[in-house]
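The values are calculated or read from the model by the stated rules, or taken from the named source; none is laboratory data. What you see is a predicted model; the values in this text were computed from it and never measured. For the accessible areas, the whole protein counts, side chains as well, though only heavy atoms, and no ligand, DNA or RNA atoms are used. Shrake-Rupley method; radii C 1.70, N 1.55, O 1.52, S 1.80 Å.
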Amino acid sequence: MKAAILAAGGGATILTIEQETEKGTVVYGAEWANADGTTTTEITVAPDGTVLKTEIEAKDKPEQAKPAK
């Protein structure tokens with residue numbers, strides 16, 4: 001399971017790994033951000049290392065300061 005998470009992360013720093021139960025089955029969820037911080041990736045992995053689901057989300061860009069009037 002750990003090897004599958006590390007391989008899917010492609011060398012990125014893993015932010016979280018959690019053990020969860022979905023529909024009565026134990027799975028592991030992991031999340032990491034890409035190097036420039038523009039996206040986060042979440043995966044769900046079975047105990048045998050099978051990647052069950054991958055979600056990539058774009059992070060919101062910080063609001064730019066508006067000039068004072």
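Determine, yes or no, whether T13 is among the hydroxyl-bearing types (S, T, Y) and at pLDDT 85 or above.
No: the conditions fail for T13.
Residue under question is G29, and the condition is that it be open to solvent by less than 40 Å² (accessible area, probe 1.4 Å) and at pLDDT 85 or above; does it hold?
For G29, the condition - open to solvent by less than 40 Å² (accessible area, probe 1.4 Å) and at pLDDT 85 or above - is met.
Within the range 39-69, track down each residue that is polar (S, T, N, Q), modelled with pLDDT of 80 or more and open to solvent by 70 Å² or more (accessible area, probe 1.4 Å). Don't jump to the end; show me each part of the working.
Step one: filter the range 39-69 for residues polar (S, T, N, Q), giving 39-41, 44, 50, 54, 64.
So of that shortlist, the ones also modelled with pLDDT of 80 or more come out as 39-41, 44, 50, 54.
Answer for the range 39-69, where residues must be polar (S, T, N, Q), modelled with pLDDT of 80 or more and open to solvent by 70 Å² or more (accessible area, probe 1.4 Å): just T54.
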